[in-house]
Amino acid sequence: MNPELIAILRDNMEDALQILIDNGKETLREQGHVDTGKLERSFEQKIEVTVNGVITGDVLVEDYAEDLDQGVPASQVKFTSKLFNDLLAWSGRKKSGLGETERRKFVTSTIRKAQKTGFPTPGSLKYSKTGKRTGWIGETIKKSEPDIEKVFILTKFFNILIDNVVADVTQAINA
């Protein structure tokens, strides 16, 4: 495959992945999944071009992003010191008006609730602007499809245009 065409397609893949990343961050914010910014900062692109010119792209992100997408079933919520400490730190940022004892009670209550309902807990809906706390990946893809199609349709158009010009020039030379 033509190296210039591969470079164009690679650039298009980069543009498409950036659309997914931007929309993914936006969807997470809309669903209320914003705290320290660690998740947003973790988004990155991975593009590979094979020897045959096949281009693949992936969006990489922190592992816990899948839990935010799918939720965590109640049966998988275990009362561990790590979960307790993580939620205690989170509550310090989100419930800064509570004292240490109140935050500990709040965290214990949240974990107990999650052991019955799973994560996200029903009370966490108040952080969402969309009324949803899961399904961010599907929402991101749905939101991104029109813009990604434009990126690749434009490339296809120019490839056809170039092929037609080459064919016309070749025909004129051979005539």
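Here are the numbers:
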item	result
Correct option for volume of the Cα convex hull per residue in Å³ [calculated from the coordinates] among [x] 162; [y] 207; [z] 131	[z]
Rounded tilt (10° steps) of 100-117 against the dominant C-alpha axis of the chain	60 degrees
Acute angle (nearest 10 degrees) that the helix 81-94 long axis makes with the longest principal axis of the chain, alpha-carbon atoms	80 degrees
Cβ-based exposure ranking for Lys95, Lys143, in which fewest neighbours within 10 Å come first	Lys95, Lys143
Largest-first principal axis extents of the Cα set of segment 72-119 (Å)	31, 17, 15
Mean-position separation - Cα centroids, segment 56-82 and segment 1-50, in angstrom	20 Å
Lysines with Cα under 28 Å of Lys82, excluding same-chain neighbours fewer than 8 positions away	Lys25, Lys38, Lys94, Lys95, Lys105, Lys113, Lys116, Lys126, Lys132
Folded to 0 to 90 degrees: helix 136-174 orientation relative to the chain principal axis, Cα	10 degrees
Length added when fully stretched, Val51-Glu66, from 0.36 nm per residue minus Cα-Cα	2.2 nm
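Every number in this text was worked out from the coordinates using simple rules, so none of it is lab data. Every value quoted in this text rests on a predicted model; they were computed, and no experiment measured them. Heads up, the Cβs are rebuilt from the backbone with ideal geometry, glycines too, and the neighbour counts pull from every protein chain shown.
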